[in-house]
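Read the structure below first, then the notes.
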Amino acid sequence: SYKEDDDFETDSDDLIEMTGEGADEQQDNSETIEKVLDIRLGKKGAIGASTTVYVTEANGNPSADFDPEKDEGEVQYLIKWKGWSYIHSTWESEESLQQQKVKGLKKLENFKKKEEEIKQWLGKVSPEDVEYFNCQQELASELNKQYQIVERVIANSRKTSSNDPEYLCKWMGLPYAECSWEDEALISKKFQHCIDSFNSRNNSKTIPTRDCKVLKQRPRFVALKKQPSYIGGENLELRDYQLEGLNWLAHSWCKNNSVILADEMGLGKTIQTISFLSYLFHQHQLYGPFLVVVPLSTLTSWQREFEVWAPEINVVVYIGDLMSRNMIREYEWIHSQSKRLKFNALITTYEILLKDKTVLGSINWAFLGVDEAHRLKNDDSLLYKTLIDFKSNHRLLITGTPLQNSLKELWSLLHFIMPEKFEFWEDFEEDHGKGRENGYQSLHKVLEPFLLRRVKKDVEKSLPAKVEQILRVEMSALQKQYYKWILTRNYKALSKGTRGSTSGFLNIVMELKKCCNHCYLIKPPEENERENGLETLQSLIRSSGKLILLDKLLTRLRERGNRVLIFSQMVRMLDILAEYLTIKHYPFQRLDGSIKGEIRKQALDHFNADGSEDFCFLLSTRAGGLGINLASADTVVIFDSDWNPQNDLQAQARAHRIGQKKQVNIYRLVTKGTVEEEIIERAKKKMVLDHLVIQRMDTTGRTVLDNNSGRSNSNPFNKEELTAILKFGAEDLFKELEGEESEPQEMDIDEILRLAETRENEVSTSATDELLSQFKVANFATMEEEETELDERSQKDWDDIIPEEQRKKVEEEERQKELEEIYMLPRIRNGREGVMSFP
């Protein structure tokens, strides 16, 4: 999970003055450099107060007519001053800074040093690298511009000295901790609308009250025949199924049913939820307080949609470090006179909710909504235990994947929304656990009032098809060596068979999955092995059969003008792909768990912008954060597949969303004759069989139910299956002698695509949902036969698979190592400690 406290790195000493009048209260009156933002060659003397944003907007830029050929210039630095907001940043020359005796000149020295290093580096690299660097710079300066925009005014007062009014301003893209007091005269020029909305919020009559009568007794339901004018204004129209969704939410509320909105991804669950809150607000004068708990990755999109679809609702985004949250509670929380809540809706993240559960838990919420609610599937988790005790009049869970693995998870969600109705798991299991025989009819009946799920195919006929091709690749020679090496090293654990430990087997499978992706994940190249650009690229590509193929594929897609999303589960793999894309000079964006809100938002906007040059977007399968729309891409590459095909389906839905104009092509890379290929085959069957169980029930759509309800999401296989998976392909691999492993055959990319196994989504299979067409299976008789074959194959012992001399060699190495450690002999080889040490 994200560490939100570090989201905004601000030194504690930067924060102390923020609340005061800034730096001019300091005794010795000299300013302090907080950071150097930029450098330029400017007109001599065009520095100081006349270069702030607001002065240049009023009086023109003093450096505008500067011609470096004719006029005398000087090097100038854009300085952000400590205790002053970004709009007060000024251009200064080194001389002017020394004359003013400013503090913090060390920051300038460091900046100059860094500039010098960059300059030298730029001199050595290719023009494409320079261009890439400039683009990165541009992104950073866009952010700085953002920091000069007032997002909202949160307080007002009068100056002690002159009695002039001033306002406390929250700046866009910066945390509340960096709010600053600014003069009215300055702010009103460009941001009068922020002052107006501050005043109207302060005098607003539409604030939460406990006396709202619908809280005690819900009204009769009256259906909305058409979209009410208060939702979205003139130019935003709910689609018909979204209006139906709104009616269903309203109807459930009137009937006192808390519910799960489980539409497939990309159908606008956020918009339907916000419309529902707007309906409560306008139709029933229920002004909150509404609490919406969301993952960090979708936070900005919730904020955006609220502004667009329900501008009258006063929404406060409650995140940031301790200082920021204190600031929010001081200024955005309560009217000081009436002690009534100021906000209608509060958006926060799971992490912050757990940190501040005492504060948030003390409020009587009119509505509690949880986005990506499958996070609540474990009724034992801290988030679940915390939230279930919150006081709330109505609950809504929002999730695109209501059922991932088991009935128990579904019960957890139902127990969360209706604890009286779904009180005990044991009863629920007794009633429905045996439901396989009758296709879960009893379960469908019970679920109906509490769960709404539509899939894209049912609601939007205009969405182009998506086609998935499985591209099977061979390992490179080096990968084969590593793969055999991992198996041989773990011979002891493997030969225990089903007596071994599941977690031990899982670790081996994970190592092998890493090896299938890229050799560097097992053994990164030594620093001194780094060659020049071309050689680096060659060894990068040669270390992975998948990358050999991807390299060909991307060349072709680039020619065709496609735009590509590349998913991997391993962040280290994303690093390697990023290195590859950088060397190839393919413009790309990247998003994984470590990439923070603002930069993430910019990366998305940059990729989706009209005429965007970005060719690739690297995403981690899990972090992509749902509610992220990348419909401007038309190709998805799944670099490595998930244990749980559900996660891959979500990944594909990134590009395959309502609003998509082109066909979406999905390429799934799978390494032949390895654990990877076997996992995919088995997961596929699991999904097909499980799908048959639930296909009659269109409300829940895709599910993966498992008999033993406790199986965790991350590993759907038992020990028997894992031992079989580990043996898959190993025998053939060991037939190639050590050191004589063959490289993959050269193949033309068109040939590869022609031979690929294709799965397409036909529109005709309406009842059986996309999942089944995702995995075409001829008939089930053949599946039974395959099963027996599989078992025979997994009967073979590891003794027969791993040649004896290789086992002996490894044992000898191990012994050698122990002796070295006993006698502290000089090392014979430089193996890394840990899972792997390499000969």
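Only the coordinates and a few stated rules stand behind these numbers; no lab work does. Note that this is a predicted model, so its numbers are computed, not measured. Because the Cβ atoms are built from the backbone with ideal geometry, glycine has one as well, and the counts that use them run over all protein chains shown.
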So who's got an amide H within less than 5 Å of the one on D38, skipping anything under 5 residues away but keeping other chains? H placed 1.01 Å off N, in plane.
L78
HN-Hα J couplings of region 193-201 from phi, Karplus 6.51/-1.76/1.60, θ = phi - 60°, integer Hz, Gly and Pro as x?
4, 6, 5, 4, 5, 4, 5, 6, 5
S204 paired with S612, simple spin-label distance in nm, labels 7 Å along Cα-to-beta-carbon
3.2
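Neighbouring Cβ atoms within 10 Å as the yardstick, rank H444, H518 fewest first.
Values: H444 19, H518 29.
Least to most surrounded, the residues fall as H444, H518.
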Placed amide H near I666: partners under 5 Å, 5+ positions off or other chain
V467, E468, Q469, V636
Whole-Hz Karplus ³J(HN,Hα) for region 38-55, in order, using 6.51 cos²θ - 1.76 cosθ + 1.60 and θ = phi - 60°, x for Gly and Pro?
6, 9, 7, 9, x, 5, 4, x, 7, 9, x, 3, 6, 9, 5, 3, 6, 6
For the T582, L143 Cβ pair and Förster radius 25 Å, calculated FRET efficiency rounded to 0.05 is 0.75
Of the listed peptides 271-279, 192-200, 246-254, what is their order by residue-averaged count of other C-beta atoms within 10 Å, with the highest listed first?
271-279, 246-254, 192-200
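Too long at a 23 Å Cα-Cα cut-off: which of K496/K809; K255/K342; K159/K342; K226/K255? Intermediate values should be presented prior to the final figure.
Numbers: K496/K809 20 Å; K255/K342 29 Å; K159/K342 25 Å; K226/K255 21 Å.
Violating the 23 Å Cα-Cα cut-off are K255/K342; K159/K342.
Going highest first, how would you order 217-230, 73-86 by mean Cβ packing within 10 Å? Walk me through the intermediate numbers first.
Values: 217-230: 11.7, 73-86: 20.8.
Descending packing order for the listed peptides: 73-86, 217-230.
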Karplus ³J(HN,Hα) for region 376-389 (6.51 cos²θ - 1.76 cosθ + 1.60, θ = phi - 60°; Hz, whole; x = Gly/Pro) runs 9, 6, 9, 6, 9, 6, 4, 4, 4, 5, 5, 5, 5, 8
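Please tell me which of these pairs span more than 30 angstrom C-alpha to C-alpha: K107/K170; K385/K456; K408/K457? It would help to have the intermediate numbers written out before the result.
Values: K107/K170 26 Å; K385/K456 33 Å; K408/K457 28 Å.
From K107/K170; K385/K456; K408/K457, over 30 Å: K385/K456.
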How much FRET efficiency would the formula 1/(1 + (r/R0)^6) give for S161 and L322, where r is the Cβ-Cβ distance and R0 is 30 Å, rounded to 0.05?
0.45
